[in-house]
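Below is one structure, written out as structure tokens; the observations come after it.
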Amino acid sequence: MTAILLDDSTGRKMSDAEFERFCRENPDLRIERNSNLEVSIMSPNTPLTGMHGAEIIMQLKNWNLQSKTGVVFDASAGFTLPDQSILAPDASWMSNEKWRGMDQSEKESFSHVCPEFVIELRSKSDSIKDLHLKMETWVRNGAELGWLIDPKRKTCWIYKAHYPVKQLEPGTTIIKGEGRLEGFNLDLSVIFD
């Protein structure tokens, strides 16, 4: 999805409150903010990318219903990270402990918390370089595990805190969860078909 960086001719960046208000005033837009407080607007996903995203969410949700270890979020959930960026992964998971430790007002805003697990799904117009930078941002800000899935190249990169990035072997169609995600196996065959 092509992102447009908002040009603020005054040079002023959006505070948390201004960003949240801007998002409320523009509910049909996909909006994120980087650590420099620059706001970007992304185009909607194509139906194919939306279908792939729904498949990922469904599989993650089904695993979580069995494990009962956390909560699952879709691409519309935004999180405020320690570096002040506000990002929305395509899918994410947070442990029950972390979720229950948040008060209701945090749950109803761009929570100042990083999910333990994030998935970014490359769409046709996404820059793979930008997505790798976004994954590095997730891990640097507290994500324990992240997967960058590229249906076009039929591959996936695994990001883990304190480990080098690992690319899956060609032909791999199952990604196995680790750590808190032990037992979650994402079947990529529908996404790579």
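The values are calculated or read from the model by the stated rules, or taken from the named source; none is laboratory data. What you are looking at is a predicted structure, and each value in this text was computed from that prediction instead of being measured. With ideal geometry, Cβ positions are generated from the backbone for all residues, glycine too; neighbour counts draw on all protein chains shown. The area values use the complete protein model at the heavy-atom level, side chains included, leaving out ligands, DNA and RNA. Shrake-Rupley method; radii C 1.70, N 1.55, O 1.52, S 1.80 Å.
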Point to revise | Computed lengthening from K160 to I174, 0.36 nm per intervening residue step minus Cα-Cα distance | key: 3.3 nm
Check your understanding: Using a 1.4 Å probe, what is the accessible area per residue for the chain, in Å²?
Key -> 54 Å²
**Study point:** Positive-end residue of L121, G78, M102, charge dipole of region 78-193 with Cβ unit charges
**Key:** L121
Check your understanding: Which of the DSSP-defined H helices in the chain satisfy a minimum axial length of 20 Å, computed from C-alpha atoms, and a minimum mean Kyte-Doolittle hydropathy of -1.0?
Key -> 47-67
Review point. Assigning unit charges at the beta carbon (Lys, Arg +1; Asp, Glu -1) and nothing else, what dipole magnitude in debye, to the nearest 20, does the chain show about its Cα centre?
Key: 360 debye
Review point. Which of the trypsin sites (Lys or Arg not before Pro) found in region 144-175 are loop residues per DSSP with 16 or fewer other Cβ atoms within 10 Å of their Cβ?
Key: K152, R153, K154
Point to revise | Nitroxide proxy distance, nm - points 7 Å out along Cα→Cβ at D130 and V190 | key: 2.7 nm
Check your understanding: Anyone know which of S15, S76, S105 comes out most mobile in the 10 Å Cα GNM of the chain?
Key -> S105
Check your understanding: Hey, any idea what % of the chain's accessible area is carbon plus sulfur with a 1.4 Å probe?
Key -> 53 percent
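Once the Cα gyration tensor of region 140-193 is found, what semi-axes does its equivalent ellipsoid get, as square roots of 5 times the eigenvalues, in whole Å, sorted largest first?
Working from the Cα gyration tensor, I get semi-axes of 20, 13, 9 Å.
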Practice item. Grab the DSSP H runs of the chain that are 4 residues or longer, score each as -39,500 (n - 2.57), total them, divide by all residues and round the 222 nm result to the nearest 500 deg cm²/dmol. Key: -8500 deg cm²/dmol
Check your understanding: Using a basic spin-label model with each label point 7 Å from the Cα along Cα→Cβ, how many nm lie between R153 and M51?
Key -> 2.3 nm
Check your understanding: Along the positive direction of the dipole of region 25-132 (beta-carbon charges: Lys, Arg +1; Asp, Glu -1; about the Cα centre), which of N26, M58, S40 reaches farthest?
Key -> M58
Check your understanding: When the chain is modelled as a GNM with alpha-carbon springs shorter than 10 Å, which of A91, A17, A77 fluctuates the most?
Key -> A17
Point to revise | Spacing of the two label points (7 Å from each Cα toward its C-beta) at K61 and S35, in nm | key: 3.3 nm
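Using a 1.4 angstrom probe on the protein heavy atoms only, could you order H52, H132 from most to least accessible area?
I get H132, H52, largest accessible area first.
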Check your understanding: What do you get when you divide the Cα radius of gyration of the chain by 2.2 N^0.38 Å, with N the number of residues?
Key -> 1.00
